[in-house]
1. One residue is enough: does region 357-370 have a residue meeting the conditions small (Gly, Ala, Ser) and closer than 30 Å to Tyr400 by Cβ?
2. Taking Lys366, is it open to solvent by 40 Å² or more (accessible area, probe 1.4 Å), more than 56 Å from the chain's Cα centre (by Cα) and of a type outside the set (Phe, Trp, Tyr)?
3. Which condition number in (1) in contact (Cβ under 8 Å) with a residue 60 or more places away in the chain; (2) under 21 Å from the mean Cα position of the chain (by Cα); (3) under 22 Å from Gln613 (Cβ atoms) is the one that Leu315 fails?
4. Filter region 66-102 down to the residues that are open to solvent by less than 60 Å² (accessible area, probe 1.4 Å) and in contact (Cβ under 8 Å) with a residue 60 or more places away in the chain, then identify the one that is farthest from Ala723 (Cα to Cα).
5. Anything in region 476-493 that is exposed (fewer than 13 other Cβ atoms within 10 Å of the Cβ) and in a helix (DSSP H, G or I)? List them, or say none.
6. Inside region 719-745, can you point out the residues that are surrounded by 16 or more Cβ atoms within 10 Å (Cβ to Cβ) and touching a helix residue (DSSP H, G or I) at 6+ places or on another chain (Cβ under 8 Å)?
7. What are the pairs, 6+ residues apart or on separate chains, where a residue within region 486-505 that is more than 17 Å from Ile578 (Cα to Cα) has its Cβ under 8 Å from a residue that is assigned to a helix (DSSP H, G or I) and open to solvent by 50 Å² or more (accessible area, probe 1.4 Å)?
8. Report whether or not Glu356 is closer than 30 Å to Val270 by Cβ, of a type in the set (Asp, Glu) and surrounded by 11 or more Cβ atoms within 10 Å (Cβ to Cβ).
Amino acid sequence: MSDSAGASTPEVFHIPLPVLPTYTPPNSYDPFRDTHVPLIIDNGASTLRFGFSTSGSKTALTPHAVPNVIARFKERKYNQPLLLFGDGVDAESGAKGQTKTPWEGDVLLNFDALVRYSSLSRVMLVNPRADAHPFVLQEHALDCAFIQLGIDASSVEHPVLMTERLGSPLHSRALTSELMFEQYSVPTLAYCVDSVMSFYQNNISSIPKVPFAEDGLVISFNTASTSVIPVLSGKGILSQAKRIPWGTQQSTEYLLKLIQLKYHSFPTRVTSTQAAWMLHNLCEFAEDYPSTLRSLKIPANLRASERIIQFPFALHVVEEKTEEELARIAEKRKEQGKKLQELAAKSRTEKLMQKETDLEYLLNLKEARSDNKREWTNTLQSEGFGDDAAFQETIKKLEYDLRRTRKKYMEGADEPVEEPTFSLVDVPDAELDEESVKEKKKQRLLKAGWEARARARREKEKEREEKEAEEKRDEEERENNFVEWASRLRGGQEAIMSKMKERGRRKAALADRKSAAAQARMKNIASLAADDRVPKKKRKAGAEDMFGADDEDWAIYRKINTAAPSSDEEEDYNQLQIIERKLLQHDPAFTTQHTHASLSSQRSALLSAFRPQYEEGDIAGHSRIHLNTERWRVCETYFSPGMAGVDSAGIGEVLQSVLARFTEAEKARLVKNVFLTGGPSQFPGLCERVYATLRPILPPEMPIGKPVRAAEPLVDAWQGMAAFANTDAFKQVGVTRAEYDEWGGERVKRWWGGNWNLAV
């Protein structure tokens, strides 16, 4: 891990690996045959819990629980279609993409996942391997429940207490009632709201035959919604209950989107199941979310709050080679590098000789210039030059290129120090024959080249002397006044870095079409289409475009060409390297952290703490997710759904709206017992956040009880249903078959634990 990721190693959480389901044999139905013991079904959006309401041992009150998902899958080995339910879906990877739940959000719609298709209700597929676990593939939700309970009768001869959502649509209730009465022939059927039954379970009196008369405010965190239900004198006031369309499912999706945005190139796919695990194990509520965010602006606090999740990864297998093979490979690479260097040197030499020849030719042409201006102009045009300025510019460019190339590639090269003889250069052409004239021209070119190299050697020697003198002065200054010397070099470094930064800022501004630099560039481009020197009449008449007649016209392209490299940029970089090298060598206060390379690549401390960077070869580090602000941000959506793009009130506004419908005395009774249920009710910080939300919306003198979590939020609703079903009051709330035939499936009896829509 790089330095930006922190020196200390915090605790790393590992994503749990999926486990194959095990086979659970059905229960024996004999203890419940012909007993009419109530059957309790908690039809949750994520988990189906079912069992008999028998009292007695604590084990008997623990329901069966299976995931409430179903998938149609064609088994390849036996080539037969199967219906997988619950844990059986996870056993087949091909079936996971075809999973379906009876619920669409918070509404029961997919009744094909509940309906029985045939009398064959159980298929057992046994893996022939000795180490494989057999498992049961159930056809659908209710068949799974009844088969697991061992019910082998032609009908379900037990009263049924079943959950439904707060404000459940009548269509869903009608189809469920039709299924229970027509398919399974249950004697009576009653519906209840799970959160009210969880409140009942946690507040029921231990004294027998004492009526339930507790007051409280129930906040239920469900899979696809969150509900607030007031309870007075043991009766849920369902007409004043409120629900917001935000639950665990939406929170999981929101966390997954935040992770995908933060780690857009993560090496493995993060699934919804993994995101749900992170939500339930690593996220928490903030009592004051803005203050928490402000505290996380400090990188140290952000690092301390992070949770690291390690995903599975595979190490690359490195093929080990013997010393002989490694030596042979190194020798081969060395030979290849040597050949490439030779080819590059040969190419540079050829280019250098060609430029020297061209320069010599142009210099001779310049020396042979005649006084006749017309004749000189014709000569330039025949050589491809528009005018004398272009000719002079070409000579200057060739001289500059030759000087720079010699300085860069011919440093320390051995050159002849003795002047070669050119015997035919000074001999008149009249005294030479044809072959000697050709040799004379050749010697003139060679002499010009040698003189050019001699000038280059002299210039190089002069530069070396100037450099040595500058280094000597620099050394004297460093020895005599080190502080001023270091300050001067640091000032030079800052000035060069400022120039480079300004250059980069200008390039970035040119990329923005609305910036002033980009607009000035567009004006320059637009000006190329106009020529003020040609009158409008002549332009309309098709007069000749005179752009380019002036050499300064071509300078416009340097202004509009944003990709053109700057010669100053390379010189600044080289000068910066020299300054930093001196400072690193002599100034102990100047470290590699102060160099331009380190400063330009350094990320901000806050950004580094938000998403630490790992080294290139750290496979384990690249397979990690760091959760910090997301831990509070996801939970905050319960109180501010607008953060996730949901146009809905949060829990605080809903609480205020619900309490506003009661008198002050009733408010005091409600807020003395604030009850939290559902999976997210166990998240850290929720009780404190609910209290902090209620306190400002109530009178200062009104006492508020500390919010209480459900003892076991996953099974409390089922256990409360079972406890109520064992009372005499349960017999008064169920709809019989005769009442179903008379009223239809939508009608229910009004009672304190059920919905009130279309209730009698």
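1. Narrowing region 357-370 to residues small (Gly, Ala, Ser): 368, 370.
Filter again for closer than 30 Å to Tyr400 by Cβ, leaving 368, 370.
Yes, because at least one residue in region 357-370 is small (Gly, Ala, Ser) and closer than 30 Å to Tyr400 by Cβ.
2. For Lys366, the condition - open to solvent by 40 Å² or more (accessible area, probe 1.4 Å), more than 56 Å from the chain's Cα centre (by Cα) and of a type outside the set (Phe, Trp, Tyr) - is met.
3. Failing condition for Leu315: (2).
4. Ala91
5. Glu476, Glu479, Asn480, Phe482, Val483, Glu484, Ser487, Gly491
6. Gln719, Gly720, Met721, Ala722, Ala723, Phe724, Phe730, Val735, Tyr740, Gly745
7. Arg503/Glu569
8. On the way: closer than 30 Å to Val270 by Cβ: no; of a type in the set (Asp, Glu): yes; surrounded by 11 or more Cβ atoms within 10 Å (Cβ to Cβ): yes.
No.
The values are calculated or read from the model by the stated rules, or taken from the named source; none is laboratory data. All figures in this text were calculated on a predicted structure; none of them were measured in a lab. Cβ atoms come from the backbone with ideal geometry, glycine included; neighbour counts cover every protein chain shown. Just the protein is used for accessible areas: all its heavy atoms, side chains included, with ligands, DNA and RNA removed. Shrake-Rupley method; radii C 1.70, N 1.55, O 1.52, S 1.80 Å.
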